[in-house]
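In what follows, a single structure is set out as structure tokens and then discussed.
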Amino acid sequence: MNARVYIAVRICAIAATLALLVAEHYAPAKQRAIFPSPDVTLTLFTDQPSGGHSRAEWISRSLAHWRCEIVQSDVYPICGLSVEFSAPPYRSLDLSSFKTLELQLDYAGEAKVIRLYMRNHNPAYSSPLHITSTKFESVALRTSDLRGKTEVGLSEFSVADWWTGFYDIPREHSQPDFRSIVSIGIDQAGQPVYGEHTYQLKSLVLKGEWIKPADLYLLLIVGWMFVIGWEAVSRILYLLHKTRLDSIALHQLREESAQYKKLSTTDALTGVINRAGLDAIIHALTLEPGQLSGMAVLVLDIDHFKRINDSRGHDVGDRILFEFARKIKACIRADDIFARWGGEEFIVLARLGDHASVQTLAEKIRTAVYHSTFEPSHPVKLTVSIGAARIAADEAFEQTFRRADQLLYQAKNLGRNCVVVETPEPD
């Protein structure tokens, strides 16, 4: 693989690491607005269903402005507002990924403390039809602290003892849980303060981290392990591939070492074998009788490639050639020989048993190119024309190549994006 790819991957990995570390400290917090929102239902509640006499009424429902009158009776006085996410059966929200709840509430009255609570549904202890059976998790807030926006950490919430006792909740379910919240509410807590109290809820906003620091650091470690592992494996595979090719041409390379030291056997742009490398391989194969016999020569030419260079520029053309070569390599076997002959023309040399196998491989390549999209940001569609012939016994590669090249031009004359395979002579 081209060394530039490794360098580019490392640079991208470094840039991504720095970006994530900076984002952890400076990126805006993840937010979710609970209220105001058209997706919630506001419900006033009192102790009247239990026999109490407290009263609640809207001053302005559209502004979430209400009045509570706490009246002494034989039951514990209750009066407040419930923000629900649906009518029964209650829809729930997973709020476990958030850290704080930002509350903006105006209060007028004599109470020193109000209560902010959430109710969590779990089939182990509650029904989505009955909100009173859901887990009651709350935090007490001093009314003197309700100035502007007040942030309350979800870690400050605790499960009410009266709820665990009333529903006989086992210890494993007695901790706060924010994975299935069905409502958020406001009422009074502690010693009842009788009389009139007015409230106006202006906003409820959840805030949290996009990703926990520990998860981020683990992600970075895994990411770098992947980059290092990918580079090591790809280098090993590349070395194995190059070693295999070198062993094929070993005898000839020993005799002509001075010449082949000056030549590169790999095309710098696409990473595949170049013309000189292919010549060396073919020459090495001819040293062993019968090695070339029966092999198929496929000559590939990208249709209208000059138009791409002229209209999109040579940089785009080079990237397309690289991606084209990558897609062809994915279509052939590891022991097939794939080379760039020059420009937009490529050669595949494959040991295939019969005419049908040659036709199948050529069609596989043509179809893969036809159904691929190059340069996704500004898509380019390619087609390829292919001429193919098999090397006859005692025939030189050059002879077969010329026939395959002529068949390629037949494919071009037939309208391009097609395959022409030499028909075998009848026995």
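The values are calculated or read from the model by the stated rules, or taken from the named source; none is laboratory data. Keep in mind that this is a model prediction, so the values were computed, not measured. Cβ: placed from backbone, ideal geometry, glycine included. Neighbour counts: every protein chain shown. SASA here: full protein model, heavy atoms, side chains in, ligands and nucleic acids out. Shrake-Rupley method; radii C 1.70, N 1.55, O 1.52, S 1.80 Å.
Matching residues to (1) modelled with pLDDT of 95 or more; (2) touching a His at 6+ places or on another chain (Cβ under 9 Å):
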site	(1), (2)
Lys306	no, no
Ile347	yes, no
Leu352	no, no
His378	no, no
Thr383	yes, yes
Q.
What's the total number of residues in region 7-31 that are touching a Phe, Trp or Tyr at 6+ places or on another chain (Cβ under 7 Å) and either open to solvent by 50 Å² or more (accessible area, probe 1.4 Å) or assigned to a helix (DSSP H, G or I) (or both)?
A. 1
Q: Please name all residue pairs, on different chains or six or more residues apart, with Cβ atoms under 7 Å, provided the first residue is in region 41-57 and is without any contact (Cβ under 8 Å) to a residue 24 or more places away in the chain and the second residue is among the charged types (D, E, K, R).
A: Glu57/Arg67
Q) Would you pick out the residues in region 325-338 that are open to solvent by less than 20 Å² (accessible area, probe 1.4 Å) and either β-branched (Val, Ile, Thr) or part of a helix (DSSP H, G or I) (or both)? A) Ala325, Ile328, Cys331, Ile337
Q: Give the number of residues within region 339-389 that are within 26 Å of Gly313 (Cβ to Cβ), open to solvent by less than 60 Å² (accessible area, probe 1.4 Å), not aromatic (Phe, Trp, Tyr) and not in a helix (DSSP H, G or I).
A: 13
Q) Quick one: which of Ser62, Ser86 is out of contact with any Asp or Glu (no Cβ under 7 Å at 6 or more places or on another chain) and open to solvent by 40 Å² or more (accessible area, probe 1.4 Å)? A) Ser62
**Q.** Residue in region 390-424 that is modelled with the lowest pLDDT, counting only those that are open to solvent by less than 90 Å² (accessible area, probe 1.4 Å) and of a type in the set (Asp, Glu)
**A.** Glu395
Q) Which condition does Arg55 not pass, out of (1) surrounded by fewer than 14 Cβ atoms within 10 Å (Cβ to Cβ); (2) under 21 Å from Thr198 (Cα atoms), if it passes all the others? A) (1)
Q: Starting from residues that are open to solvent by less than 80 Å² (accessible area, probe 1.4 Å) and either of a type in the set (A, V, I, L, M, F, W, C) or touching a Ser or Thr at 6+ places or on another chain (Cβ under 8 Å) (or both), keep the ones in region 210-221 and report whichever is modelled with the highest pLDDT.
A: Leu220
